[in-house]
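**Q** First the structure, then my questions, so here it is.
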Amino acid sequence: MATREQCAELVQQLGALGAVSRGVGRALPPECPQAAVIVLSLLARYGQMRASDLADRLDVDMSVTSRHVTYLVTRGWIERHPDPQDRRSRLLRLTPLGEAVLRQASDRIAEVFAEFLGDWTDEEVGRLAALMARLRASFDGGGPRAGLRGRPHEG
């Protein structure tokens, strides 16, 4: 089991990853911001979904999700269509253009990582990816503190 000190160091390192995220964001074209790539990636990974489900996956307010969706719909990267189970609801799905944009963005992001991780071994990159996936899985619904997920932020 991890010590409190190890967890504190991990928190410090995760906080510093903001620089990595900003670097990735700068590598993307202005018309394809990082938030757009995240939304497109979620739709590619999980398939069509309601905006409320997208908001849950993004862990943001519906108003933020609506702005992202509007941006992507106006560019033709995603589309809304009626939910066959509930005609009052709309489902969001990637368009072929959105798939192409996501592919291009993903390729560019992979290039950026390849540049910065050029002195890493394949084993090191693989180990980091596996550990990050494990960390994410620990926080994805059902972890020991799943009840904390919906708590309002204090402060």
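**Q** Within the group Glu124, Glu111, Glu115, Glu99, which residue is charged (D, E, K, R), within 20 Å of the chain's Cα centre (by Cα) and over 20 Å from Leu42 (Cα atoms)? It would help to see each step written out before you state the result.
**A** Details: Glu124 fails: within 20 Å of the chain's Cα centre (by Cα); Glu115 fails: within 20 Å of the chain's Cα centre (by Cα); Glu99 fails: over 20 Å from Leu42 (Cα atoms).
Testing whether each residue is charged (D, E, K, R), within 20 Å of the chain's Cα centre (by Cα) and over 20 Å from Leu42 (Cα atoms) leaves just Glu111.
**Q** Every residue in the stretch 34-55 that is touching a residue at least 12 places away in the same chain (Cβ under 8 Å), part of a helix (DSSP H, G or I) and of a type outside the set (Gly, Ala, Ser), please.
**A** Gln34, Val37, Ile38, Val39, Leu40, Leu42, Leu43, Leu54
**Q** I would also like to ask the following. Consider Ser138 carefully, then state whether it is in a helix (DSSP H, G or I), at pLDDT below 90 and closer than 30 Å to Gly23 by Cβ. Steps first, answer last, please.
**A** Values: in a helix (DSSP H, G or I): yes; at pLDDT below 90: yes; closer than 30 Å to Gly23 by Cβ: yes.
Yes; evaluated as a whole, the condition is true for this residue.
**Q** Looking for whichever is more than 21 Å from Arg136 (Cα to Cα), in contact with a helix residue (DSSP H, G or I) (Cβ under 7 Å, 6 or more places away or on another chain) and outside any helix (DSSP H, G or I) here; the options are Glu79, Glu31. Which one fits?
**A** Answer to the selection: Glu79.
**Q** Yes or no: the stretch 99-110 includes at least one residue that is of a type in the set (A, V, I, L, M), free of Cβ contacts under 8 Å to residues at least 40 places away in the same chain, in a helix (DSSP H, G or I) and in contact with a helix residue (DSSP H, G or I) (Cβ under 8 Å, 6 or more places away or on another chain).
**A** no
The values are calculated or read from the model by the stated rules, or taken from the named source; none is laboratory data. For clarity, every value in this text was computed on a predicted model and none was experimentally measured. We place every Cβ from the backbone using ideal geometry, glycine too, and count neighbours over all the protein chains shown.
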